[in-house]
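One structure is given here, and the rest of the page talks about it.
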Amino acid sequence: MAKAVKLADIAKIMNVSTVTVSKALSNQKGVSEEMREKIKQLAKEMGYRSPSEAKMMSAKRSYNIGIIVSERYLDQYESFYWKMYQAVATKAVSKECFTMLEVLSLETEQNLELPKLLKEHKTEGMIILGLLKEDYLNMLEQNIDVPFICLDFYDRRHECDAVVTDNFYGMYKLTNYLFEMGHKDIAYVGTLLYTGSITDRYFGYAKALMENGQKVRREWIIEDRNIEDGQRDDDFEFKFPEKMPTAFVCNCDLTAGEFINVLKKRGYRVPEDISVVGFDNYIHPGICDVGITTYEVDIKEMARKTINNLLKKMSGEYYKQGISIVEGHMVIKDSVRRL
């Protein structure tokens with residue numbers, strides 16, 4: 001069997017200290033970019049693997065990973081979570097792990113019933129995809145007996161591991177973009193406190209307003225769903241303010257698309273009369289015919305980080321505990337006009 005390559009072996013060839021090699025391979029400061037690239041290239045050629053990588057490879061163990069999500073997030077429009085589930089499942093397969101999906105019915109949440117995957121002990125790790133009802137999530141965390149990670153939300157009551165997108169900074173950037181385009185009267189569309197994501201995005205919006213000398217106006221905070229169940233029923237209506245702003249910041253692209261359709265019914269053109277931005281860069285085909293300027297969520301990176309952290313958690317390796325924030329990026333489309 002070939003001898004494992006050590007940091008000292010690389011250091012000897014490069015005529016540097018093992019500390020320098022360690023810093024270069026872990027992207028720490030204190031090493032020039034030229035030296036860093038040389039060390040990384042040599043490490044790759046010599047077949048060096050970090051202790052954690054070596055341990056994972058030597059174990060060669062496959063895990064069964066359960067994924068639970070509420071049926072509220074999987075209706076005909078909000079298929080964003082289907083896309084996220086597919087990314088997680090694909091990443092798990094690349095790690096030679098199996099995933100099992102359980103969709104929680106509204107009755108299961110209301111009756112505080114444990115998921116079958118947990119009751120039947122079919123998994124060695126769990127991913128909770130999307131925020132669940134508060135009492136159900138509390139019950140679940142008290143009874144779950146395997147390592148788990150929350151994906152696309154965090155639990156404010158417990159110190160749980162979670163992977164989320166950069167909701168605050170993403171919406172902060174979008175709102176600032178509207179200011180750069182000449183807008184000053186900007187409203188927010190989203191039901192505050194329904195989810196942490198909606199609320200965090202609101203605070204990014206509010207920070208941008210404050211920094212640009214504008215006050216948050218209560219009448220310009222427009223609910224986009226029922227606070228009780230998060231649904232937009234047939235009788236749901238967006239409540240427009242008496243004085244219309246020139247731009248609306250929507251908490252997600254689905255809301256932005258439906259909001260644009262309502263604006264059109266009221267005689268407004270987007271973006272000629274009103275500018276609109278969304279969030280996540282995902283909308284069900286056919287909802288809206290306007291390209292929505294948005295902040296794209298890096299679903300693949302969120303899936304990668306979730307699976308990697310969960311595997312390390314299950315195998316007892318070191319991993320970054322707490323909330324991991326994954327940055328996305330702005331995507332400029334057709335829904336904003338410069339004033």
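The values are calculated or read from the model by the stated rules, or taken from the named source; none is laboratory data. Quick caveat: nothing in here was measured; it's all calculated off a predicted structure. Note: ideal-geometry Cβ built from the backbone for every residue, glycine included; neighbour counts use all protein chains shown.
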Practice task
Might you check whether a residue that is outside any loop (DSSP other than H, G, I, E, B), among the basic types (Lys, Arg), surrounded by fewer than 17 Cβ atoms within 10 Å (Cβ to Cβ) and free of Cβ contacts under 8 Å to residues at least 24 places away in the same chain occurs anywhere in the range 138-158?
Solution key: no
Fill in the blank from the handout: When (1) within 28 Å of residue 321 (Cβ to Cβ); (2) over 23 Å from the mean Cα position of the chain (by Cα) are applied to residue 186, the one that fails is (1)
Problem - Subset tally (residues that are within 30 Å of residue 184 (Cβ to Cβ) and either touching a residue at least 60 places away in the same chain (Cβ under 8 Å) or part of a loop (DSSP other than H, G, I, E, B) (or both)) for the range 299-339 - result: 12
Completion exercise
Residue set 132, 140, 151, 174; condition closer than 24 Å to residue 244 by Cα and not charged (D, E, K, R); output residue 174
Handout entry: Total residues in the range 115-137, condition under 30 Å from residue 228 (Cβ atoms), modelled with pLDDT of 90 or more and surrounded by fewer than 14 Cβ atoms within 10 Å (Cβ to Cβ)
Key = 2
Completion exercise
Only one of (1) modelled with pLDDT of 95 or more; (2) surrounded by 21 or more Cβ atoms within 10 Å (Cβ to Cβ); (3) farther than 21 Å from residue 131 by Cα does not apply to residue 288, and that is (1)
Practice task
Starting from the range 221-232, take each residue that is closer than 15 Å to residue 131 by Cα and surrounded by fewer than 16 Cβ atoms within 10 Å (Cβ to Cβ) and list its partners that are modelled with pLDDT of 80 or more and of a type outside the set (A, V, I, L, M), counting only C-beta distances under 8 angstrom and pairs at least six apart or across chains.
Solution key: 227/191; 227/194; 229/72; 231/72; 231/225
Practice task
Can you work out which of the residues in the range 39-65 that are more than 18 Å from residue 23 (Cα to Cα) and aliphatic (A, V, I, L, M) is modelled with the highest pLDDT?
Solution key: 65
